[in-house]
Amino acid sequence: MHDADERKVSAWFLPSLMLVGAVAGSVLGSTLGHRWKDPALEPLVLAVRLCGVVFLSILKGLIIPLVVTSVISAITRMGDLRRMGRLAAMTLTYFLTTTFLAVGTGIVLVNLIRPGEAGSAPAAAAMPEVQSTAQAIYDVVTGMFPPNLFGAAVDGNILGLLVYSIFFGAVLALDRARAATLIDVIDAANEAFLRLVRYVIWLAPIGIFGLVADRLGQAGGGDVVWTELRRLGWYASCVLLGLVLHSTITLPLVLRFLARRNPLRYAAGMADALITAVGTASSAATMPITLRCAMRENGVSRRAADFVIPLGTTINMDGTALYEAVAVIFVAQSLGLDLTVAQQIVVLFTATLAAIGAAAIPEAGLVTMVIVLGAVGLPAEGIGLILAIDWILDRFRTGANVWGDAVGAALVDRHLPRDPDAADPAVERRVAV
């Protein structure tokens, strides 16, 4: 099958299979959830769980090599390091601006809907172990400079690897002539990992089926899930409405007027990544697919995609920031407290910073939320009020995170100066995936 034909087929066929997998997993988990711990069902449960665990493990295994090779390749392709400065400034400006807009949307909605005052407050669930605010900030900063790169890779410290990859790529770019062989090796490795993603993506329908079915089954089935949703319905509705508004209005406006892209067409090209994000609840695990969709389906240049998407996966968390702001004000409302305007401004800034420190893994925002709670004097135990349905909302905010990264890549690609050494701009966009 030719690349063009394959691209047309995968544009609708693979996302359809992913949706089928999600629906089938929902049906199985909802139907058998009340018997999920029954020893008689153990072989079936383990088989279903295996589908999700193996798929997620393969994706996670691609994260470290993709982050390192893609960032180094992107920076060495900058040529003149002054371009890297412009690229970094443009990218960080976009990240901060859209995150602020996302948090602002959440704060406005939670003040209008006031979900914490809708009925009695839910009973607090068991609290996870959380750090102090100062310790959490300290860990984020020190994590940027790990003393052992191999240890950082083992621990999954993507932020630290990202920082060192940027430094290493910048050093290679200073003397491309002497480093040409090493740069070629890194570029070849990057293309090989992207090609591997091309084959792994076809496991997504089975993986999503296993992940959704097992999570619903562990929760006790559809009845339990819907009971929790009804109990916290106003809060969940507020978060979901904020995510929808940010994803369908704010980001498409950026895409249409600043990146000069058709939002519907661009979203269709990102379908594989968005469905995977919702299915896995991990923007890090989704990153290989996000890169593939941005470059292969939407024609984003490698220079932009290889820099923006790995960086965005680490620090650009629009959905997480919005969710943390809504959750903190919801906790205050549930406790009968009214945050002042000044306190809500503090929430605006701290939610943005806390989201930057959140790991790109499922439900990592719960840990960094303690920073926001502590900033306005709320007890960390307030997190327990939302644990019951956090795993559901986590999937949708991950989708918003991934969508924000994809839009950022398109925006930067639009305004990034083209490589004067490239004879044909299409050469730069060609990706062997």
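The values are calculated or read from the model by the stated rules, or taken from the named source; none is laboratory data. What you see is a predicted model, and the numbers here were worked out from it, not measured in a lab. As a convention, Cβ positions derive from the backbone with ideal geometry for all residues, glycine included, and neighbour counts pool all protein chains shown.
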request  = May I ask you to list the residues in segment 253-296 that are more than 26 Å from residue 205 (Cβ to Cβ), free of Cβ contacts under 8 Å to residues at least 12 places away in the same chain and assigned to a helix (DSSP H, G or I)?
outcome  = 253, 256, 257
message = Please pick out the residue among 173, 177 that is out of contact with any Pro (no Cβ under 8 Å at 6 or more places or on another chain), surrounded by 15 or more Cβ atoms within 10 Å (Cβ to Cβ) and farther than 30 Å from residue 328 by Cβ.
response = 173
Residue ID - nearest to residue 221 (Cα to Cα), chosen from residues in segment 45-57 that are among the aliphatic types (A, V, I, L, M) and at pLDDT 85 or above = 45
Candidate set: segment 128-160, residues that are farther than 26 Å from residue 64 by Cα and loosely packed, with under 15 Cβ neighbours inside 10 Å; chosen: the one modelled with the highest pLDDT = 134
request  = Return yes when residue 344 is over 21 Å from residue 403 (Cα atoms) and touching a Lys or Arg at 6+ places or on another chain (Cβ under 9 Å) and no when it is not.
outcome  = no
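Return the only residue of 203, 211, 240 being aliphatic (A, V, I, L, M), crowded, with 19+ Cβ neighbours inside 10 Å and assigned to a helix (DSSP H, G or I).
211
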task = Could you tell me which residue of segment 1-44 is modelled with the lowest pLDDT, considering only residues that are over 21 Å from residue 270 (Cα atoms), surrounded by fewer than 13 Cβ atoms within 10 Å (Cβ to Cβ) and of a type in the set (A, V, I, L, M)?
result = 1
query = Restricting attention to segment 306-325, does a residue exist that is surrounded by fewer than 24 Cβ atoms within 10 Å (Cβ to Cβ) and within 17 Å of residue 383 (Cα to Cα)?
reply = no
key: Subset of segment 54-68 (residues that are more than 16 Å from the chain's Cα centre (by Cα), over 14 Å from residue 196 (Cα atoms) and buried (at least 24 other Cβ atoms within 10 Å of the Cβ))   = 68
task = Would you mind listing the helices (runs of 4 or more DSSP H) fully within segment 316-433 where at least 2 residues are charged (D, E, K, R), closer than 27 Å to residue 257 by Cα and at pLDDT below 90?
result = 425-429
ask   = How many residues does segment 27-75 contain that are outside any helix (DSSP H, G or I) and either in contact with a Cys (Cβ under 7 Å, 6 or more places away or on another chain) or touching a residue at least 24 places away in the same chain (Cβ under 8 Å) (or both)?
value = 1
Conditions (1) surrounded by 13 or more Cβ atoms within 10 Å (Cβ to Cβ); (2) modelled with pLDDT under 85; (3) more than 24 Å from the chain's Cα centre (by Cα): number failed by residue 163 = (3)
remark   = When segment 253-271 is checked residue by residue, the ones that are of a type in the set (D, E, K, R) and crowded, with 23+ Cβ neighbours inside 10 Å are 261
